[in-house]
Amino acid sequence: MTEVRVPTLGESVTEATVATWFKKPGDSVAVDEMLCELETDKVTVEVPSPVAGTLSDIVAGEGETVGVDALLANISEGAGAAAAPAAAAAPAAQSAPEAEAETGGAAVDVMVPTLGESVTEATISTWFKKVGDTVAQDEMLCELETDKVSVEVPAPAAGTLTEIIANEGYTVQADAKLAIIASGAGASAAAPAAPAAAPAPAAAPASASGAKDGPAAEKAMAEAGINRDQVTGTGRDGRATKADVAKAVAAAAAPAPAAPAAAPRAPVPADDAAREERVKMTRLRQTIARRLKDAQNTAAILTTYNEVDMTETMALRKEYKDLFEKKHGARLGFMSFFTKACCHALKEVPEVNAEIDGTDIVYKNFVHMGIAAGTPQGLVVPVIRDADKMSFAEIEKAIAEKGKRARDGKLSMAEMQGGTFTISNGGVYGSLMSSPILNPPQSGILGMHKIQDRPMVINGEIKIRPMMYLALSYDHRIVDGKGAVTFLVRVKEALEDPRRLLMDL
């Protein structure tokens, strides 16, 4: 006897309602065949059969509320049970291998991959394949978008994509099922039959499909006082979910033609409105917006400025860049100089490398340097760990490697966590001056800017020098003005005389 239990429902979700049983006691079931559907506050979860056999009894009936890992049913395993579902569509004498060949081979689940520490959900941004397509092992099936990174989902096996469970725009929990692949030699041959065998859910309107809605949806409709035909069901076989009911209630409550006015905007002439384009913010962009606003609302951000004469740093770079690249296989840029200069200054002013935790100040005796990078998807901050212990060559290689991974959307969550200080280089885009915003919970961020020739008075004479404005934004709750200015002066001194870095002065 094999027990069928409630699967993991997602972080903070502790119970679900049994919405629909697709099988009844006495029915034969195959491995991974859907037994029932559970409904939580946010998602609908299908429960597959863990083994092939016969459904002997149902412990939790439709409408019952069950907790995580609760017993749903029991399955009796048997030698001939696996072939039973195929018997209805094939001659009784057909063997199990023959049935498997007709259905396209073994079913392989496509699951949400590991998203990273503390990331519990993702949004399906793009499907590269559609139902019926043949896929190779490790071929990209779809792309997920989390708060910080995009994650590509490869095919776990070669075969045919027979079902897409989570469509584009859906939000899925970690370890959720995304799709099903029929693997094996017969997969491609079976693929064309799959769409023809299952057009029923889309063929009839949800209100006329005959499928029984989940109890949570029925209760929500009763409480809202709306009819079933007002709700468009998006669940399995056109069933309505709680989310569908909520959408119907919101649509009924909104003033019909005036929906665009939901956001406070100035009146837009009709001809202008026709030329507008409204695009939903990506999860990454929403997270960037929220975190930056949280930083402004939480920290006492103040910015101090200075300027640095880049003559000596540029001369040193010019003199050694070819030899440096030949020996280390990495291009000598300015970022390694600035990273070294900041690490040097943070030793003298440790509060800039600290963070507030409640009523405590946490001082970091290491430097995990965040290097802000603009990408097509938005701003990301990969972290160079223990940058204070690295050589110029190690820093340049790490920056180049993480910068490429950032632009390609390949950074993992771990690579963007744990930073203690950040450098943002707006100069690459031509910025002459800016006030960077802190990257919480950090207490300091250095803004680099464009190098520009300007007339400067040197020993009583006017000379043209390559100058750069520097900006240090800091959390005034733990960093005083004296410390902030001292930090920026130390960075300036190190860059105007790079030999100080070698002498640790």
**Residue that is assigned by TED's automatic domain parsing to the domain that holds V308, of a type in the set (K, R), buried (at least 20 other Cβ atoms within 10 Å of the Cβ) and under 25 Å from A372 (Cβ atoms), where the choices are R477, R490** = R490
**Item:** Options K410, K450, K402: the member that is more than 26 Å from the chain's Cα centre (by Cα) and among the basic types (K, R)
**Value:** K450
**Message:** Given the criterion in contact (Cβ under 8 Å) with a residue 60 or more places away in the chain, buried (at least 22 other Cβ atoms within 10 Å of the Cβ) and among the hydroxyl-bearing types (S, T, Y), identify the matching residue among T304, T339.
**Reply:** T339
**Asked** Pick from S424, S431: which is within 27 Å of E307 (Cα to Cα), in a loop (DSSP other than H, G, I, E, B), out of contact with any helix residue (DSSP H, G or I) (no Cβ under 9 Å at 6 or more places or on another chain) and in the same structural domain as D497 (by TED's automatic domain parsing)?
**Response** S431
**Fill in**
(1) buried (at least 21 other Cβ atoms within 10 Å of the Cβ); (2) hydroxyl-bearing (S, T, Y); (3) under 24 Å from K318 (Cβ atoms) all hold for S431 apart from (1)
**Tally of residues being hydroxyl-bearing (S, T, Y) and touching a Pro at 6+ places or on another chain (Cβ under 9 Å) across segment 297-351** = 4
**strands (runs of 3 or more DSSP E) enclosed by segment 1-60 - at least 2 residues per element that are surrounded by fewer than 21 Cβ atoms within 10 Å (Cβ to Cβ) and modelled with pLDDT of 85 or more** = 2-5, 44-48, 53-58
**Message:** Please verify whether T359 is under 23 Å from Q286 (Cα atoms) and of a type in the set (S, T, Y), treating the condition exactly as stated.
**Reply:** no
**Fill in**
In segment 146-171, anything surrounded by fewer than 20 Cβ atoms within 10 Å (Cβ to Cβ) and part of a strand (DSSP E or B) is listed as E152, P154, E163, I164, T171
**Request:** Please tell me if I478 is β-branched (V, I, T) and either in contact (Cβ under 8 Å) with a residue 24 or more places away in the chain or in contact with a helix residue (DSSP H, G or I) (Cβ under 6 Å, 6 or more places away or on another chain) (or both).
**Result:** yes
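The values are calculated or read from the model by the stated rules, or taken from the named source; none is laboratory data. Every value quoted in this text rests on a predicted model; they were computed, and no experiment measured them. Don't worry about glycine lacking a Cβ; one is built from the backbone with ideal geometry, like all the others, and counts go over all protein chains shown.
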